[in-house]
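The values are calculated or read from the model by the stated rules, or taken from the named source; none is laboratory data. Predicted, not measured: the structure shown is a model, and the values here were computed from it. Here the Cβ positions follow ideal geometry from the backbone for every residue, glycine too, while neighbour counts run over all protein chains shown. Surface accessibility is based on the protein's heavy atoms, side chains included, excluding ligands, DNA and RNA. Shrake-Rupley method; radii C 1.70, N 1.55, O 1.52, S 1.80 Å.
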Number of protein chains: 2
Amino acid sequence: MESIVSKVLDQVDIQILDILQKQAHVSNAEIARRVNLSSPAVHTRIKRLENEGYISQQVAILNPEKLGFDLLCFVFISSNIHHSEKLDVLEEAFRQMPEVLECHCLTGEYDYLLKVANKDRRDLQTFIRKLNKLGITKIQTSLGLREIKYSSVLPIWDGDEVDEGKFE
Amino acid sequence: MESIVSKVLDQVDIQILDILQKQAHVSNAEIARRVNLSSPAVHTRIKRLENEGYISQQVAILNPEKLGFDLLCFVFISSNIHHSEKLDVLEEAFRQMPEVLECHCLTGEYDYLLKVANKDRRDLQTFIRKLNKLGITKIQTSLGLREIKYSSVLPIWDGDEVDEGKFE
DNA sequence: TGTGAAAGAATGGGTCG
DNA sequence: CGACCCATTCTTTCACA
């Protein structure tokens, strides 16, 4: 009996999460083999992990270049807006723009960092005009020249839990 | 004969890709219903899309906060290295580091932008020391204060009707 | 390419150790 | 919690158009 709150994740949970965050399409049965459990047991655990919010979603990662998105940009924005209501409007606008893949609020010189996927320079210009219309004046745009690494894999395994003392 | 390489994607392909990039777990049969095709036809198309590289991978997105990753950072790096071999070593080092989720080569003042997931300040310090050992001197780190949007969904559907007359 | 049918797996619920 | 069973659903192959 550990704690009342919510079961802490055990090694098997971590293993399952790690498999799924790398290859979501691996079958239940295959996971069961790898973690030495039965397939229904794995199923139960995955459902629990989903319900408790450890797994947010499952997605297919498409190849941007094959689909014509050659222009990945990082846009740094300083908003001189300081009313929180107006900031809410601004942020909601970012969320609604399909070319904005990510938006983060940052410390430092700029308030927001946007990751933006555009097909060509014309699309990029259209996008920047949209930003101007939102009242954003201070923008700095950096072009992504080359993607060295792109992943969503959190080091849940590598961190310090690692002890591959698999029983038997 | 039009193009030898690969048939251009049609509307149904785009629809399938769009469904999968948002919800990878949707069953073949369900997709078939949505695009008005039979289940085997959808299966064939998805296999083709995978083989031709339109779909790179399928992953589960985990919840960073639930897993103790409260410190998302963006690290800007200027390398004063100009030998391409040494740059290769550097980039490979970035790829190997599990806390580095993304690494992009950028235009602008800094050469590299890294997105880094750490659990706490101690981990962050450890990470920055690793960078120093690699000979990196000019580093600027911005903390992610809040995530406004996080997505890998390319606007293949929303942007405009994808109907390129380009071969390959 | 597409469809329909059919075999072979995997999923998901229930019950019992 | 986990294993086993069972009905249901999904995947994947095949003949055929």
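Odds and ends about this structure:
- When the surface is traced with a 1.4 Å probe over the full set of protein chains, A:HIS83 keeps roughly 120 Å² accessible.
- In this simple spin-label model, placing a label point 7 Å from the Cα along the Cα-to-Cβ direction at both B:ARG33 and A:LYS133 gives a separation of 3.7 nm.
- Estimated from helical segments only, the mean residue ellipticity of chain B at 222 nm is -11000 deg cm²/dmol, where each DSSP H run of four or more residues counts as -39500 (n - 2.57).
- Excluding ligands, DNA and RNA and using a 1.4 Å probe, chains B and A jointly bury around 6300 Å² of accessible surface, summed across both partners.
- Mean per-residue shielding of peptide B:103-116 is 5, counting Cβ atoms of other chains within 10 Å of each Cβ.
- Modelled label positions at A:ALA41 and B:TYR150, each set 7 Å beyond Cα in the direction of Cβ, lie 3.1 nm from each other.
- On a per residue basis, the protein assembly as shown carries 55 Å² of accessible surface, using protein heavy atoms and a 1.4 Å probe.
- Rounded percent of accessible protein surface that carbon and sulfur make up, the protein assembly as shown, 1.4 Å probe: 51
- Exceeding the 30 Å Cα-Cα cut-off - candidates B:LYS66/B:LYS130; A:LYS66/A:LYS138; A:LYS130/B:LYS22; A:LYS115/B:LYS66; A:LYS133/B:LYS138; A:LYS22/B:LYS119: A:LYS66/A:LYS138; A:LYS133/B:LYS138
- Taking a Cβ cut-off of under 14 Å around B:ILE148, the surrounding Lys, Arg, Asp and Glu residues balance to a net charge of -2, with basic ones at +1 and acidic ones at -1.
- Accessible-area value, A:VAL42, 1.4 Å probe, nucleic acids and ligands omitted, Å²: 0
- Distances in nm from A:ASP10 to the matching label points in the other copies, shortest first (labels 7 Å along Cα to Cβ): 5.1
- Here the 3J(HN,Hα) profile of region B:135-148, calculated from phi with Karplus coefficients 6.51, -1.76 and 1.60 at θ = phi - 60°, is x, 8, 10, 8, 10, 10, 10, 10, 7, x, 8, 7, 9, 7 Hz, Gly and Pro shown as x.
- Spatial offset of region A:97-138 relative to region B:48-114 amounts to 20 Å, using the alpha carbon center of each.
- Between A:GLU50 and A:GLU85, the FRET efficiency from the beta-carbon distance, with R0 = 45 Å, is close to 0.85.
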